[in-house]
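Only one structure is covered here, and it is reproduced in the block below.
The values are calculated or read from the model by the stated rules, or taken from the named source; none is laboratory data. It should be emphasised that the depicted structure is a prediction, and the values quoted were computed from it without experimental measurement. Neighbour counts are summed over all protein chains in view; Cβ atoms, including those assigned to glycine, are modelled from backbone coordinates with ideal geometry.
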Amino acid sequence: MITLRCTQKLLKRLGSFGNDDTHAPTNILGDWYGNLIYARPQQLVLCLNERSLLLVLLRARDGKSLATRFRQSVLALLNRLNVPASIIEVEASAMQDIRIGRTASRRVVGCMVEAAKVLEFELRRGEFQTFEELEDQFSEFLYATIGYRYPREGCIGTDFLSFIIR
C-alpha cells in the first residue's frame, strides 16, 4: 500500500478531501506526492516520489483511472531506469492499493514546485515529444534535498536500496 499525497488543488480536481488516516507505505520508494499543473492546452498531474524525487507525469483527464495510470507510469519509469526486476515486482505488488491523502512534507512539496517551474519551461520550449522523455530528463535533475544527487542515481545498480533507505 502507498499513499498518493495530493495538494489541495489536485484533491479538489479529484473530488476528494484526502484521507488523514494513512498508513506507512509497504513499498521501497515510499509515498508519492501529486500536484495539478496547468500546461496549456492540457492539465497535467505531476507526481514526485518522496524518497528518490523521481518524477512521473500524467494527463489530468479521467480522475477515476488516475491510480491505475499512475501505477503503470511508475513501473514503466523504473523499467526504463534498469531497476532490478525483483524491486519492480515489490513496487508493483505494493502499488496494488493506492490511497489518496493530503501532503505531509514541505520538503517534497517544495521540490514539486521547483519541478513544476522547470516543467513549464520545458513544455514551452517544445523539445520533448513524450512524457517519457520528460520523465527521463527529470531523473537527471539535481536536488539539494537528496544530497545534490540525481534521482536516477538511486535506481541504477545495487546502490538502489542504500540510496532510498537513508
Among (1) assigned to a helix (DSSP H, G or I); (2) at pLDDT below 90; (3) closer than 24 Å to residue 16 by Cβ; (4) within 15 Å of the chain's Cα centre (by Cα), residue 51 falls short only on (1)
For the stretch 42-55, pairs from a residue that is more than 17 Å from residue 132 (Cα to Cα) to a residue that is charged (D, E, K, R) and in a strand (DSSP E or B), with Cβ under 9 Å and 6 or more apart or across chains, are 50/5
In the stretch 59-76, anything within 10 Å of the chain's Cα centre (by Cα) and either within 16 Å of residue 138 (Cα to Cα) or of a type in the set (S, T, N, Q) (or both) is listed as 73, 74
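Quick one: count up the residues across the stretch 82-104 that are under 15 Å from residue 52 (Cβ atoms) and over 14 Å from the mean Cα position of the chain (by Cα). Can you show your working first?
From the stretch 82-104, those under 15 Å from residue 52 (Cβ atoms) are 82-84, 87-88, 90-91, 94-95; that's our starting set.
Among the residues that remain, those that are also over 14 Å from the mean Cα position of the chain (by Cα) are: 82-84, 87-88, 90, 94.
Selection size over the stretch 82-104: 7.
Taking the conditions exactly as written (out of contact with any Cys (no Cβ under 6 Å at 6 or more places or on another chain), among the hydroxyl-bearing types (Ser, Thr, Tyr) and either over 18 Å from residue 102 (Cα atoms) or part of a helix (DSSP H, G or I) (or both)), does residue 16 satisfy them or not? Quick ask: steps written out before the conclusion?
Details: out of contact with any Cys (no Cβ under 6 Å at 6 or more places or on another chain): yes; among the hydroxyl-bearing types (Ser, Thr, Tyr): yes; either over 18 Å from residue 102 (Cα atoms) or part of a helix (DSSP H, G or I) (or both): no.
So residue 16 does not fit the description; no.
Give the residues of the stretch 86-104 that are surrounded by 14 or more Cβ atoms within 10 Å (Cβ to Cβ) and not in a helix (DSSP H, G or I), sorted by residue number.
95, 98, 99, 100, 101, 102, 103, 104
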Expected output for the stretch 81-103 (first residue on the phi < 0 side of the Ramachandran plot, partner acidic (Asp, Glu) and part of a helix (DSSP H, G or I), Cβ below 9 Å, 6+ apart or cross-chain) is 81/136; 83/91
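Search the stretch 105-143 for residues being among the aromatic types (Phe, Trp, Tyr) and not in a loop (DSSP other than H, G, I, E, B), and hand back the single one that is surrounded by the most Cβ atoms within 10 Å (Cβ to Cβ).
Within the stretch 105-143, the subset among the aromatic types (Phe, Trp, Tyr) is 121, 128, 131, 138, 141, 143.
Then keep just the ones that are not in a loop (DSSP other than H, G, I, E, B); that gives 121, 131, 138, 143.
Values: 121: 9, 131: 17, 138: 23, 143: 18.
The selected residue is 138.
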Listed by first then second residue, the pairs whose first member lies in the stretch 67-79 and is in contact (Cβ under 8 Å) with a residue 60 or more places away in the chain and surrounded by 18 or more Cβ atoms within 10 Å (Cβ to Cβ), whose partner is of a type in the set (Val, Ile, Thr) and part of a helix (DSSP H, G or I), with beta carbons under 8 Å and at least 6 positions apart or on separate chains, are 78/87; 78/88
